[in-house]
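The values are calculated or read from the model by the stated rules, or taken from the named source; none is laboratory data. Quantities reported herein were computed from a predicted structural model and do not represent experimental measurements. All Cβ positions, glycine included, derive from the backbone under ideal geometry; neighbour counts span all protein chains shown. In case anyone asks, the SASA skips ligands and DNA or RNA and just uses the protein heavy atoms, side chains included. Shrake-Rupley method; radii C 1.70, N 1.55, O 1.52, S 1.80 Å.
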Amino acid sequence: MPDARPPRPAFRLSRDNLILIGLFTLMLAGLAGLAAATGWAETRAQIAKLTAMQMVILLALSLVNYGARGLRWHLFARRLGLRTGLMQNLRHFIGGFAMSATPGRVGELIRMRWIRRETGWPFERTAPLMLVDRASDLVAMALILALALALSAAGIAGAVPVVILALVAAWVATHPGLLARIATLAYGTIGRFPRLFGRIRMAARSLAAFRGPWIITFAAVLGLIGWIAEGYAFHLLLGWMGADIGFWAAVAIFIFSTLAGGLTGAPGGVGGAEAAMIALLTIEGVPLEISIPATLIIRVTTLWFAILLGLLVFPLAERRSLRAPV
């Protein structure tokens with residue numbers, strides 16, 4: 001049966017919009033403070049160097065990332081057994097970006113609600129989609145970061161532990177037996193929430209659908225294409241601003257900052273990612289009058305562009321899910 005309970009999307013979206021506006025304001029305030037310390041004229045001059053076509057190129061490379069990862073989401077959905085079409089899965093995937101700026105991006109679980117309404121599949125059967133998608137991102141980013149560090153002269157303190165942590169987290173998330181044992185051990189220790197841990201064990205068993213060399217390889221390739229595209233955008237941006245530090249160094253800084261921001265647990269990694277990016281660019285000899293606007297622009301054309309697309313698709317995904325017969 002379709003979900004007859006009203007989801008109250010207007011209130012939730014309004015509240016989430018306020019959170020997004022607050023986060024965006026905090027990011028701008030922090031960067032503005034640094035810009036004021038280095039001189040507004042220099043910062044404005046660097047931003048003015050960019051042409052409309054260059055901004056279009058940055059946004060297009062972000063679309064390559066979203067497209068590749070959206071195709072991967074479709075692959076995972078079909079592998080799980082969902083009879084959902086490509087455009088339907090892309091709608092779920094892109095619409096979920098509206099909730100990216102939530103702690104740990106847990107708000108993106110809204111995709112599971114849309115799938116439940118449209119297919120009747122419960123959360124515990126579709127939760128593996130989120131796990132394997134997040135694990136695939138961690139693996140792709142860790143591999144890119146390791147390769148970038150090996151091929152560049154950039155030395156990033158703490159990068160190796162971040163790579164290892166990302167790979168370990170991805171490995172745990174994609175091993176059904178281990179994840180089920182962790183849930184059982186946690187329940188035995190806490191002794192509460194049996195229904196929750198039961199759902200986690202059921203979700204872990206569903207992860208077995210994603211085991212197999214071909215699907216792992218194809219998913220890894222799509223993830224690598226997506227994240228390297230955004231790293232390349234950062235490289236182009238720095239070159240246009242007169243601070244070409246090399247392709248692999250730029251990629252390493254972009255990927256590490258994105259991972260580091262996520263590890264802080266802050267919504268969307270806001271604050272941590274920007275601080276890491278500016279600090280690493282400074283170590284590479286990039287002056288603040290370039291690193292600050294470069295950080296602002298790349299975050300707007302990646303994270304905030306994704307959120308904007310998500311906000312545009314979110315109402316459509318809500319309407320379609322409510323009208324879908326199950």
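For the reader, a short list of remarks on this structure follows.
- Residue match in the stretch 111-128 (condition: at pLDDT 75 or above, open to solvent by 20 Å² or more (accessible area, probe 1.4 Å), within 27 Å of Phe305 (Cβ to Cβ) and not in a helix (DSSP H, G or I)): no
- Check on Arg134, within 14 Å of Ser321 (Cβ to Cβ) and part of a helix (DSSP H, G or I): no
- Members of the stretch 82-110 found to be crowded, with 19+ Cβ neighbours inside 10 Å, closer than 22 Å to Phe218 by Cα and without any contact (Cβ under 8 Å) to a residue 24 or more places away in the chain, listed by number: Asn89
- Only helices (runs of 4 or more DSSP H) whose full extent lies in the stretch 228-308 are considered here, and the ones with at least 1 residues that are touching a His at 6+ places or on another chain (Cβ under 7 Å) and open to solvent by 50 Å² or more (accessible area, probe 1.4 Å) are 247-263.
For every residue, the table says whether it meets (1) at pLDDT 90 or above; (2) on the phi < 0 side of the Ramachandran plot; (3) not polar (S, T, N, Q).
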{"residue": "Leu236", "(1), (2), (3)": "yes, yes, yes"}
{"residue": "Gly246", "(1), (2), (3)": "yes, no, yes"}
{"residue": "Leu288", "(1), (2), (3)": "no, yes, yes"}
{"residue": "Ile298", "(1), (2), (3)": "yes, yes, yes"}
{"residue": "Thr302", "(1), (2), (3)": "yes, yes, no"}
{"residue": "Phe305", "(1), (2), (3)": "yes, yes, yes"}
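- Flag if Val56 is out of contact with any Leu (no Cβ under 9 Å at 6 or more places or on another chain), open to solvent by 60 Å² or more (accessible area, probe 1.4 Å), among the β-branched types (Val, Ile, Thr) and within 30 Å of Met112 (Cα to Cα): no
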